[in-house]
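Novice: First the structure, which I've put down as structure tokens, then a few questions once you've had a look.
The values are calculated or read from the model by the stated rules, or taken from the named source; none is laboratory data. Remember, it's a predicted structure, so these values are computed and weren't measured experimentally. As a convention, Cβ positions derive from the backbone with ideal geometry for all residues, glycine included, and neighbour counts pool all protein chains shown.
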Amino acid sequence: MSSDYDASEFVDGDLEASRSSQPAPSRPGQVHRAPSREEVDSRVAEAQQKLAELKRAQEELERERASLEETRRRQIEFQTGRQEMIQNLTRGIGLLEEAELNARRDAQQMAKTLAEFKDALEKIQSIREETWTKDNFQVELTRGLTALENARMEWNGARLKFDILSAPAPTPQEPGSAGPAGTVPTLGGQSFSDLCRLGFALTWPVALAVIVVGVLLVALLLRR
């Protein structure tokens, strides 16, 4: 049985490829020539172009990095500020709701106390002593004292609730007392004894001087 002979079956393809990739061995006596100026200039220009491209790429990466850092900073600021404001607003809502409830309760209590004050004042002002007679004197007196006691209890209880009621009331200025700074008190409201004391306080230095002069004159006359 005859078969066809194929020479490619005994050829190693990888070996041939490795051989073809290696540079051809230099022949004995072959001299490598130096690169020309044009070749050097071309390589320099190529290197400069590659450096410029690398520099542009670096600048682009720097801009991208700066943008990413700014984005990260803003994200951190947003998250931190959001958490802070959530806490502050939640706490503020709780405090204001409590304050509003207390203020509303105080306002209701103040309105109730105000109504009680008006009622007590009306009861006291409605008492007319001139209408009391000998027959109903004791009854009306007891009724008046009861109204006064109830009003006093209302007043004392309200003073414990509202500090404004504990403030000292302004006292009316007494006649003859010193007025505002820079004013001169008048003599119209002074009594006779006050005027005498004022006159004596103004004239006693003159009287004392007159007495001293008189004593000196008497002493001089006696020496003669």
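Novice: Restricting to the stretch 157-185, name every residue that is modelled with pLDDT of 60 or more, part of a loop (DSSP other than H, G, I, E, B) and loosely packed, with under 10 Cβ neighbours inside 10 Å.
Specialist: Ala167, Pro168, Ala169, Pro170, Thr171
Novice: Next up: Pairs only if they're at least six apart or on different chains, beta carbon under 7 angstrom, first in the stretch 136-160 and among the acidic types (Asp, Glu), second surrounded by 12 or more Cβ atoms within 10 Å (Cβ to Cβ); list them, first residue then second.
Specialist: Sorted first by the residue in the stretch 136-160, then by its partner, the pairs are Glu140/Trp132; Glu154/Glu116; Glu154/Phe117; Glu154/Ala120.
Novice: While we're on this one: Could you pull out the residue among Thr90, Thr113 that is hydroxyl-bearing (Ser, Thr, Tyr) and touching a helix residue (DSSP H, G or I) at 6+ places or on another chain (Cβ under 7 Å)?
Specialist: Of Thr90, Thr113, the one residue that is hydroxyl-bearing (Ser, Thr, Tyr) and touching a helix residue (DSSP H, G or I) at 6+ places or on another chain (Cβ under 7 Å) is Thr113.
Novice: Can you tell me which residue among Glu154, Glu97, Glu116 is surrounded by fewer than 12 Cβ atoms within 10 Å (Cβ to Cβ), in a helix (DSSP H, G or I) and not aromatic (Phe, Trp, Tyr)?
Specialist: The conditions single out Glu97.
Novice: Condition test on Ser67, is it surrounded by 10 or more Cβ atoms within 10 Å (Cβ to Cβ), in a helix (DSSP H, G or I), among the hydroxyl-bearing types (Ser, Thr, Tyr) and at pLDDT 90 or above?
Specialist: Taking the combined requirement at face value, the residue satisfies it.
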